[in-house]
Amino acid sequence: MELDALILSRLQFAFVIAFHIIFPSFTIELSAWIATLLVLWRRSGADHYRELARFWTKIFAVSFGMGVVSGIVMSYEFGTNWSHFSLVVGNVVGPLIGYEVLTAFFLEATFLGILLFGWDRVPPGLHVTAAILVAVGTLFSAFWILSANSWMQHPTGHRVVDGIAYPDDWLAIVFSPTFYFRFAHMVLAAYITTSFVVIATGARYLLAGVHRPHAMTMLHMGLGLAAVLVPLQMIAGDESGRDVLAYQPEKLAAIEGKWDAGTDGPVPLVLFALPDEEQERNLYEVSVPYLGSLIVTRSWDGGFAGLQAFAPDDRPPVLLPFFGFRIMVGIGVIMLILVVWGGIVWARGRVEQARLYLRLASWSWPLGFVAVLCGWVVAEVGRQPWVATGILRTKDAASPISAQDVATSLVLFVIVYAIVFSAGLIYMNRLIRKGPAAETPPEGVANRPLMAAGSAAGPTGEG
């Protein structure tokens with residue numbers, strides 16, 4: 001395969017967005033958990049909730065900063081590498097991204113300052129409020145980004161004049177038919193991702209015999225949240241698949257590895273295969289009869305179109321969506337097993353004695369991130385060859401720049417991101433190894449020295 005400017009631009013954008021998506025998928029729920037801990041502290045007065053909140057706020061700050069830095073680059077790429085994309089769909093996508101900045105990023109950035117630096121400097125109620133508003137801001141951010149992406153998956157509420165998309169109905173644009181379950185699926189994925197990071201951290205502390213009260217709280221809350229959300233995520237994912245059947249049948253055919261054009265059932269569920277796009281068939285296929293029809297169409301003999309029903313130029317690549325989907329589902333099953341297992345040992349009061357479970361749980365922190373990346377691959381590769389379905393093909397969206405320029409910037413991005421990512425991971429791991437520390441009440445508030453001096457002198461201020 002010749003690495004021309006188009007291929008290199010796609011690789012560069014894929015690399016940047018894959019790096020970036022890791023951090024929002026972590027910070028969306030982490031901010032909500034910090035806010036929950038602070039609310040529990042205010043209601044119960046238990047100091048370990050506050051200590052946990054302060055500990056995770058440090059990790060949140062690092063993740064938030066890395067997410068912002070990696071996300072800014074994508075905005076520049078729209079102009080440098082994908083200028084025709086900006087020209088054709090910028091009238092629709094541009095305002096949606098702008099709304100994300102106005103309603104989400106400003107909200108997060110404003111109150112993040114109070115959350116980070118307001119410990120012992122602002123009233124506790126204001127500090128808790130700031131934490132809640134930061135969490136709301138992260139949800140707004142996910143809302144607008146998923147809205148823009150869902151419109152690109154299935155555009156609605158627009159008209160095309162001379163090849164340029166113009167908005168007609170903003171409600172139809174913001175709430176495109178594929179948005180609802182895709183938004184729920186992504187938010188649930190973010191919450192589950194962070195819950196497993198919290199579970200893994202708590203298990204790590206129990207194995208090491210340190211920070212026991214904090215570790216038990218992390219395991220209790222992490223397992224409790226995951227026990228609810230993992231089954232919900234499976235339902236949301238299934239409903240999102242129904243939207244794919246209705247609005248993106250080519251993507252569904254690639255995900256399921258179905259080649260024949262006929263829509264008559266029954267369709268087997270392909271557990272494993274090696275899709276061969278040249279021969280248009282699956283090699284070494286292992287499948288379960290009828291189960292594909294039952295999952296996709298809710299009937300034993302329901303059918304749906306295969307890849308041969310679509311023109312070759314309109315088909316997505318098969319290999320990445322096919323395996324990405326199976327890895328994502330497999331991780332979901334592993335998560336469910338860990339949650340059920342954890343619930344059993346917790347109910348029996350044997351969490352600290354279940355060393356095997358704690359060991360496996362301590363290694364589970366990457367699961368959510370891998371699942372999110374696989375889901376992104378399924379969603380984005382599966383909509384090819386379109387960057388905005390029916391409006392603009394990916395090959396027509398690129399800027400007229402040389403392959404050498406793109407290759408140079410790609411190499412630089414890989415080097416810089418590798419350094420930044422490694423430094424961030426090392427620093428966060430150091431914070432986790434140090435763990436939440438018990439706090440000692442300050443003798444005086446740093447920004448009000450006269451109050452401290454007055455109390456030292458006596459009620460009248462006289463020595």
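Things worth noting here:
- For the pair Q404 and W170, the difference between a 0.36 nm per residue extended length and the Cα-Cα distance amounts to 80.3 nm.
- Nearest-10 value in Å² for the accessible area of S44, using the 1.4 Å probe: 70 Å²
- 19 Å tail of the calculated P(r), the stretch 80-225, as % of Cα pairs: 67 percent
- Residue-normalised accessible area of the stretch 206-263, given per residue in Å² at a 1.4 Å probe: 40 Å²
- Alpha-carbon centroids, the stretch 21-82 and the stretch 249-284: separation in whole Å: 40 Å
- Helices meeting the span-like rule in the chain (full DSSP H runs, Cα extent of at least 20 Å along the helix axis, mean Kyte-Doolittle score of 0.5 or higher): 5-44, 83-100, 124-153, 179-208, 212-247, 319-347, 367-381, 403-434.
- For the stretch 54-204: accessible area per residue (Å², 1.4 Å): 39 Å²
- With 0.36 nm allotted per residue and the present C-alpha distance subtracted, the E277-N91 stretch has 63.3 nm of extension available.
- Cα-based Rg / Dmax (Å) for the chain: 24.9, 94
- Under the criterion of Cα pairs below 8 Å and six or more residues apart, the relative contact order for the chain equals 20 percent.
- Annotation for the stretch 238-316: GluC sites (Glu not before Pro) lying in DSSP loop with at most 10 further Cβ atoms inside 10 Å of their Cβ are E278.
- Charge-dipole axis of the stretch 331-441 as Lys and Arg at +1 and Asp and Glu at -1 on Cβ define it, positive-most pick from A397, G343, I419: G343
- Gyration tensor verdict on the stretch 330-441 (Cα atoms; rounded if a/c is under 1.5, prolate if a/b is larger than b/c, oblate otherwise): oblate
- Computed FRET value (nearest 0.05) for F421 with L116, which takes r as the C-beta separation and R₀ as 25 Å: 0.70
- The stretch 36-162, relative contact order [Cα under 8 Å, separation at least 6], %: 24 percent
- With eigenvalues of the C-alpha gyration tensor scaled by 5 and rooted, the stretch 274-354, Å: 38, 16, 11
- The chain, accessible surface, carbon-and-sulfur percent (1.4 angstrom probe): 66 percent
- Sites listed here are trypsin sites (Lys or Arg not before Pro) in the stretch 304-410 whose DSSP assignment is loop and whose Cβ has at most 13 other Cβ atoms within 10 Å: R348, R350.
- Two-site label geometry, L291 and L3: point separation in nm, points 7 Å out along Cα→Cβ: 4.0 nm
- Label-point separation in nm, D260 to R350, each point 7 Å along Cα→Cβ: 5.0 nm
- Comparing the stretch 1-154 with the 2.2 N^0.38 Å rule of thumb, its C-alpha radius of gyration ratio is 1.23 (two decimals).
- Radius of gyration, Dmax [the stretch 21-77; alpha carbons; angstrom]: 14.0, 48
- Theoretical gain in end-to-end length, E239 to S299 [0.36 nm per residue, Cα-Cα removed]: 20.1 nm
- Label-point gap, in nm, between L232 and A437 - each point 7 angstrom along Cα→Cβ: 3.6 nm
- Across the stretch 147-207, the mean sequence separation of Cα contacts (distance under 8 Å, 6 or more residues apart), normalised by length, yields a relative contact order of 31 percent.
- Taking all protein chains into account, the per residue accessible area for the stretch 286-374 stands at 52 Å² (1.4 Å probe).
The values are calculated or read from the model by the stated rules, or taken from the named source; none is laboratory data. None of these values were measured; they are calculated from a predicted model. Positions of Cβ are backbone-derived with ideal geometry, glycine not excepted, and every protein chain shown enters the neighbour counts. Surface areas here come from the heavy atoms of the whole protein model, side chains and all, with no ligands, DNA or RNA. Shrake-Rupley method; radii C 1.70, N 1.55, O 1.52, S 1.80 Å.
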